[in-house]
Structure formats: structure tokens, C-alpha cells
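Below: one structure, written as C-alpha cells.
The values are calculated or read from the model by the stated rules, or taken from the named source; none is laboratory data. These numbers were taken from a predicted model, which means no experiment stands behind them. Virtual Cβ from ideal backbone geometry, glycine too; neighbours counted across all protein chains shown. The protein model used for the area step is the full one, side chains on, heavy atoms only, and it has no ligands, DNA or RNA in it. Shrake-Rupley method; radii C 1.70, N 1.55, O 1.52, S 1.80 Å.
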Amino acid sequence: MTQAVDRPRIRLKPKANARGLRHGFPWVYANDIVTDRRTRKIPAGALAVLEDDKRAPIALVAVNPESKIICRVLDRDIEADLNADWFESRLQRALEMRECLFDAPYYRLIHAEADGFPGVIIDRFGDACAIQPNAAGAEAHLEVLTDALVKVTGVTTVLKNASGRTRGLEGLDDVNQTLRGTEPDAALPVPMNGATYMADLAGGQKTGLFYDQRPNHAFAARLVHLDAQVLDVFSHVGGFGLAMLAGGAARALSVDGSAAALDLATKGAEASGCADRFQTRQGDAFDVLTQLGEEGAQFDVVICDPPAFAPSKQALDAGLRAYERIARLAAPLVKPGGYLGLCSCSHAADLGRFRDASSRGIGRAGRQAQLIHTGFAGPDHPQLPQLAESGYLKAVFYRL
């Protein structure tokens, strides 16, 4: 064990928000730190003691001098030892909640800071887990984390997914690895909301499946009737479309730019027993929406679940314009009395801005709307109240 007295000390500037950190905010930005030569020499991922400007200790942190988020809070106990017991205890706490919420082992097990693991995402697919270590501290402790994960959950396969923008910002590599067991040689079936989805853990987007939309899929499925025609845009591996077919829709059209994702969606439809009611259309979503409008296509339910159009504050204005454009192109495709669901996973676009952009787009399309439901990520994606970024997902449903 490395005692606190032996760990480097990092000090806040006098104007930094030490109170916010003491009350649960988990990040320290580089411009809030006294960055001297010793601080800059701390290896990325190393542990240090964070102090206020008067040198009173605040927390044990993982440090990355190359990142704008120079410190991530790990523990309020500055003497804490990040050993197997530390990791197992936190994993067990997270597992207990998921086992209470879900009757099968298919969920997000660790949602980063909100589960006490800064920068760590772990999605579980039965006997396999995919880990995204998106911070230098997570990367530095990956081996002990993996051992603890296997011990606590009993999974036999653990994959490291190194894709994503965040690792680049942390100065980390983009090399995927098989950490335990054998990499699956085919997509894994995942039961959810009465449908079966196919998750490509090795070659798919992120960890292979987006669990966060589970409750919004379920709400969309409640909107369909037996002869409903539905459109799922940015469908990935079948997302909303398969859930609505499981809910009783007559036919679903899934649109995505990725042929590989649509192939998995088709396999999911086959596994769900609804392949005869499922169609796909590959192409740029904006182009396909425009084409469907020109064709005079009409649907009972239209869902648009795009990637993050506003991944940062700098991209916010352009992202809001893109959300408005999506709504403007999608609204004319909804039959009178039908439903339009619009989603955003951009943490920079808060709910109010996203909802306003969506409503503007619907109005510009000449449609009148009732906002009937606002959805968020499921409970396996808990929010840390002090960190707005942990509540990134929004879904707004309108009746037109």
C-alpha cells in the first residue's frame, strides 16, 4: 500500500471551488490547479492527494497532467488503497442494484463516476463484459479491475473497447484487447423489451449495444397498434424498430448509414421472429428523410435517435441546428394523430435547448404538436447529481 504521506500532493488555486469538490463534484480542471514542475512530472494515471489552497486534504485522485480534467476523484479517504478489495466492494455495490432491477444479466454494470469508477464504462452481456477505460487512472488500474470484475460477476469473457473520443482526449491508445477468455466469434443475442438484439462486442459501435435507451424503447412500443407502420432512423442494430415490432407494430423500416449495423438489425429481427415485418434502408439519415418526404411516405410512429450532434460546448450551436433540421424533416412523415420521438445523447445540449430545437423544427414543418413524454436513460445509467454530464440522454415524444 502506498501511504498518503508518500503520494504526490496537488494543490488547488485560491479561487478554485474546493467546496464543490468536498460536496461531491468529481473533476478538477487543469486551470484550477497550481501546476508546477513536480505536478507536470506525475505519470498519467498515478494517484495523488488533492489539497485546497491552504493545504488541507480533500480527496484521493487519479492524475493526468495531459488532460483538461487533470484530476478525477477516487475516494474521500486519502489513505485508501486501490487494491482488490476496493474494486470488489464497489463492483458488488453496483451489481446489487442491477440484479434488483433486471431479471437477466444484460445491462450497464458500471456507469463511470456515478458508480464510483471515474472514466470506466462496463456493459454486461450475460457471461461477457465489455470495458471502456476512458481515463488514464482507469487504464492504469485495468488489471486489478478486470480481476475484480471476474470474481464479483463470474463472467468468463472480458473485452477492452478502446474506441471513442474520450480516450483520445486523455492521450490513450485506441487498441482493443481481449482481457479474459476468448473474443466471441459472432454477435451475441441480447433479450430486451420482448425483442432480441445482436451485439457485436468486438467490432460494433462502443460496447456493441446501447442499453441506455431501454425505457424509451419500451415507451415507443406502447404507442403502436396492430396495423402500425413505424420508422426508426439512426437505428443502429434495430433499437426502437425491433421494440415496436415486439409491441405489435405491423411493419418497421430501419434506417442507418452503417451496413454492418443494419445486418445485425436484420439478424435481430430474425431472432425475434419478425423478419417478415422488418425492412432496412441504408443511407445518410438526412438524405433518406428527404427522400421519404418526396415519396409521400407516412408512418404512425417515427423515431430519430442520432449520434451526438453537440459533443462539446463549441459544437452546441451547430448541433442544435442539426436537431432542428431532423425534426423538420421527420415531422411531415408522421400521419395525423401519429407520434414523433426525438433523442439526443449530447451532454452539451441540455433538455431545454434540445426540446426547443425539436419543437422549432416541428413548427417549421407546419405541424402542430403535443409534447406527451420526456424520457431519459435507464436506471442502470445512474446520474451523479453533482455532474450534469452523467445525465446526457434525453428523449422527447410528441403527438402530431
**Message:** Of the residues Gln229, Gln205, only one is under 30 Å from Asn176 (Cα atoms) and open to solvent by 50 Å² or more (accessible area, probe 1.4 Å); which?
**Reply:** Gln205
**Asked** Hey, among Ala249, Ala269, Ala260, which residue is touching a strand residue (DSSP E or B) at 6+ places or on another chain (Cβ under 7 Å) and in contact (Cβ under 8 Å) with a residue 40 or more places away in the chain?
**Response** Ala249
**Prompt:** Among the candidates Ala388, Ala348, Ala377, Ala357, which residue alone is within 25 Å of the chain's Cα centre (by Cα), modelled with pLDDT under 95 and open to solvent by less than 60 Å² (accessible area, probe 1.4 Å)?
**Reply:** Ala348
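Here is a yes/no grid of residues against (1) closer than 25 Å to Thr290 by Cβ; (2) modelled with pLDDT of 95 or more; (3) assigned to a loop (DSSP other than H, G, I, E, B):
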position: Pro191; (1), (2), (3): no, yes, no
position: Ala202; (1), (2), (3): no, no, yes
position: His217; (1), (2), (3): no, yes, no
position: Ala221; (1), (2), (3): no, yes, no
position: Phe240; (1), (2), (3): yes, yes, no
position: Ala243; (1), (2), (3): no, yes, no
**Complete:** Listed by first then second residue, the pairs whose first member lies in segment 86-104 and is assigned to a loop (DSSP other than H, G, I, E, B), whose partner is modelled with pLDDT of 95 or more, with beta carbons under 7 Å and at least 6 positions apart or on separate chains, are Ala104/Pro191
**Pair list, Cβ < 9 Å and 6+ apart or interchain, from segment 287-311 residues that are free of Cβ contacts under 8 Å to residues at least 24 places away in the same chain and assigned to a helix (DSSP H, G or I) to residues that are surrounded by fewer than 21 Cβ atoms within 10 Å (Cβ to Cβ) and not hydroxyl-bearing (Ser, Thr, Tyr)** = Gln291/Arg281; Gln291/Gly283; Gln291/Ala297
**Request:** Can you tell me which residue within segment 37-76, out of those that are small (Gly, Ala, Ser) and closer than 19 Å to Ala18 by Cα, is surrounded by the fewest Cβ atoms within 10 Å (Cβ to Cβ)?
**Result:** Ala56
**Asked** Since Asp305 meets every condition but one in (1) modelled with pLDDT of 95 or more; (2) over 17 Å from Met244 (Cα atoms); (3) under 22 Å from the mean Cα position of the chain (by Cα); (4) open to solvent by 20 Å² or more (accessible area, probe 1.4 Å), which condition does it not meet?
**Response** (2)
**Request:** Would you mind telling me which numbered condition in (1) open to solvent by less than 30 Å² (accessible area, probe 1.4 Å); (2) farther than 18 Å from Asp300 by Cα; (3) touching a helix residue (DSSP H, G or I) at 6+ places or on another chain (Cβ under 9 Å) Ala327 fails?
**Result:** (2)
**Message:** Among the residues of segment 258-277, what is the count of those that are open to solvent by 20 Å² or more (accessible area, probe 1.4 Å) and under 24 Å from Phe397 (Cβ atoms)?
**Reply:** 2
